[in-house]
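Chemist: One structure, pasted below without further comment.
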Amino acid sequence: MKLTTIRFSVAVLLSLLLVLSGVCELGHCFGDDQLIKMNLGGVHDCKGSQNSAEIDSLARFAVLEHNKKENTLLEFARVLKAKEQVVSGKIYHLTLEVIDAGKKTIYEAKVWVKPWMNFMQLQEFKHAHDAPFFTQSDMGAKRDGHGPGWRTVPTHDPEVQDAANHAVKSIQQRSNSLSPYELLEILLAKAKVIEEHAKFDLLLKLRRGIMEVKFRVEVNKNTDGKFYLGQFEQDNS
């Protein structure tokens, strides 16, 4: 075999080894910003409850960091939705409810986490303009009038979340089961106003023990802000 051929083969082999090394050690071959741009993983719902201690901690961190950068005084209220994306570590996509000067507001935040480096960074924090609040005043609720008919509303809206949580508590109170129900997801939400009540028609995914079940519920809210559960039934579809 000629010397030039041997040198060429060695060069090719070394190149392959470098490529394989880069694939196995992506975090070292590419900068972190490049990894994010590559979008290694799609955005998926977080495993477990969106109200877990970990997600809650990330949301509080996002609000605190935003307050520091923008010199604001937002107060964290709760997490409405949480998704995650695998990059070099994970980016958490959070939809948050915060209190801004006494008024509830929805924000969207992205928090980048690399646990092995004890690294946490706020990537984005902005108004969720496409997710407006759903309130009785939005529907035209009046004690002496009628509002519009059923309309689809955002499942992560605070009013919808409150209605769903009330439904779960009421179902648990009426159940003989010792295992508590846990709200996993609001699959569908509609609302309308009838006389002085706001009425919510919700399809909920719940967990009880190791089982997951769906419930169709009807929740009413009067103009005094009190919820009460109307009809409910298990959905087997």
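The values are calculated or read from the model by the stated rules, or taken from the named source; none is laboratory data. Quantities reported herein were computed from a predicted structural model and do not represent experimental measurements. For neighbour counting, all protein chains shown are included, and Cβ atoms are generated from backbone atoms with ideal geometry for every residue, glycine included. Quick note on the areas: whole protein, heavy atoms, side chains included, nothing else; ligands and nucleic acids left out. Shrake-Rupley method; radii C 1.70, N 1.55, O 1.52, S 1.80 Å.
Chemist: Residue 20 - would you say it is open to solvent by 100 Å² or more (accessible area, probe 1.4 Å), modelled with pLDDT of 50 or more and aliphatic (A, V, I, L, M)?
Modeler: It is false that residue 20 is open to solvent by 100 Å² or more (accessible area, probe 1.4 Å), modelled with pLDDT of 50 or more and aliphatic (A, V, I, L, M).
Chemist: Go through the range 60-93 and report how many residues are over 16 Å from the mean Cα position of the chain (by Cα) and basic (Lys, Arg).
Modeler: 2
Chemist: While we're on this one: Do you know which residues across the range 204-218 are closer than 15 Å to residue 178 by Cα and of a type in the set (Val, Ile, Thr)?
Modeler: Scanning the range 204-218 gives a single hit, 210.
Chemist: While we're looking at this one, here's another question. As an exercise: evaluate residue 190 against (1) at pLDDT below 85; (2) under 24 Å from residue 82 (Cβ atoms) and give the number of the one condition it does not meet.
Modeler: (1)
Chemist: Would you pick out the residues in the range 97-129 that are over 13 Å from residue 61 (Cβ atoms), among the hydrophobic types (A, V, I, L, M, F, W, C) and surrounded by fewer than 16 Cβ atoms within 10 Å (Cβ to Cβ)?
Modeler: Of everything in the range 97-129, those that are over 13 Å from residue 61 (Cβ atoms), among the hydrophobic types (A, V, I, L, M, F, W, C) and surrounded by fewer than 16 Cβ atoms within 10 Å (Cβ to Cβ) turn out to be 99, 101, 116, 117.
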